[in-house]
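To start, the structure itself, in structure tokens.
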Amino acid sequence: MEPHAGSSLSSLRLSRLDAVDFRNLARITLVPGARFTVLHGANGQGKTNVLEAIAVGCSGKSFRTSRLPELLRTGTTKAILRLRINDGTEERVQDACIGSGSRQLRIDGKRPASLAAYALRSPVVTFHPGVLEISQGPGQPRRQLLDRLALHNDASLEEALLGHAKAQRSRLKLLTDRGPLGRELDVYEELIVRHGMRLFDARFRICAEFLPLAEALHARLALNAEPLRLAYTPRESSPAAFMDHLAERRALDRVRGMSSVGAQRDDVDIFLGERAARTHGSQGQHRTIALALKLAEVEFTARLRHVRPLVLLDDVSSELDRARTAQLFEHLSREASQVFLTTTRADLIVTPEDLKEGDREDLEVRAGELLRRGS
């Protein structure tokens, strides 16, 4: 892994979004600003739906739900998204057709090899009200963050992610059906160990550079505050110990109906000074930690992919105070990603004074339609 920073990095640019029957968006065309697009309007009008359409069009996944039927406009059977994207070296069209039980993805008319292959072409980082979970919630958001970065570094890691999850499900089903002496358990546990050790190694390599970056950004955001300390230690130290732990937990896992050993139990420990942030951090401190982690994700993704990702900000002003919001925009202005944000008050969004014509676009979202000022 050799991520490198520098002002020479190009920025991913979305030049046009067409959405049909996505959520409450019957038919819209978005031509965004080159740097900032401010989507404003009253609550419940569809601002977040526009951001979600960009996220789904870029990655094939929503940041709000895993249930595809929820993405369809009421009374329709499919949603269609088309994005025109430039990454500094090429222009391309990405299409996503979402049905109630399936999705069809295309890049310049061709099917990608996998969902991950599609998502990796156009990196996107999303800030939304649920982002505080990355600091004070369970370990899943932190694991997902590490795995996103690890996939950007090595797309073949998708095999380990899918293989580990599938083997865990198969082991648990066998435990449920046949008990802890099922003959095939060794086979599934060997697969869990093989894929799990690869995940542990990939996460460890990412953390060696990503966690110090997040700590440094936190120090910049929270002057004179307790230093942030992040620590990652893989759950299993060796394949042999991993196999032993799986065997030891067979009976317990069967009773509980869940797998208690594996990469799905990994976590990043978060400390403020010497104290665990989960039990001692205030809401304000958790907001700053979450902000540092997400800004680090933007910067580190750019280093890994050699292109700055799209940044989606969904009503962050409701979660961040004025000072932290100002820090966020100041950092993103230097970083030069294309930013899309939602707000109920466009006049409160202060972007850099040196923006050129066309750098910022303000659009009102009203009942699923996009309206320019004066329309």
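Annotations
- Nonlocal amide H pairs with Phe127, under 5 Å, H built at 1.01 Å: Leu312, Leu313, Asp314
- C-alpha long axis of helix 322-335 to longest principal axis of the chain, angle in °: 90
- Spacing of the two label points (7 Å from each Cα toward its C-beta) at Val255 and Glu159, in nm: 3.8
- When the Gaussian network model of the chain links Cα atoms closer than 10 Å, the mean-square fluctuations of Asn49, Asn153, Asn224 top out at Asn224.
- Once the C-beta distance of Lys173 and Glu353 is scaled by a Förster radius of 51 Å, the resulting FRET efficiency is 0.30 to the nearest 0.05.
- Crossing angle, helix 283-305 versus the chain [Cα axis fit, 0-90 degrees, rounded to tens]: 90
- Relative contact order computed over the chain (Cα-Cα under 8 Å; 6+ residues apart), in percent: 28
- Per residue, in Å², the accessible surface of the chain once ligands and nucleic acids are set aside, probe 1.4 Å: 48
- Counting only heavy atoms of the protein chains and using a 1.4 Å probe, Ser59 has close to 20 Å² of accessible surface.
- Rounded percent of accessible protein surface that carbon and sulfur make up, the range 1-146, 1.4 Å probe: 45
- Rounded to the nearest 10 degrees, the angle from helix 140-153 to the longest Cα principal axis of the chain is 80 degrees.
- Between the range 111-154 and the range 24-80, the Cα center-to-center distance that results, in Å: 18
- For the range 256-375, the carbon plus sulfur part of the accessible surface works out to 46%, probe radius 1.4 Å.
- The sum of -39500 (n - 2.57) across all DSSP H runs of n ≥ 4, divided by the residue count of the chain, sets its helix-only mean residue ellipticity at 222 nm to -13500 deg cm²/dmol.
The values are calculated or read from the model by the stated rules, or taken from the named source; none is laboratory data. Note that the coordinates shown come from a computational prediction; the quantities given were computed from them, not determined experimentally. Cβ: placed from backbone, ideal geometry, glycine included. Neighbour counts: every protein chain shown. These area figures cover heavy atoms from the full protein model, side chains too; ligands, DNA and RNA do not enter into them. Shrake-Rupley method; radii C 1.70, N 1.55, O 1.52, S 1.80 Å.
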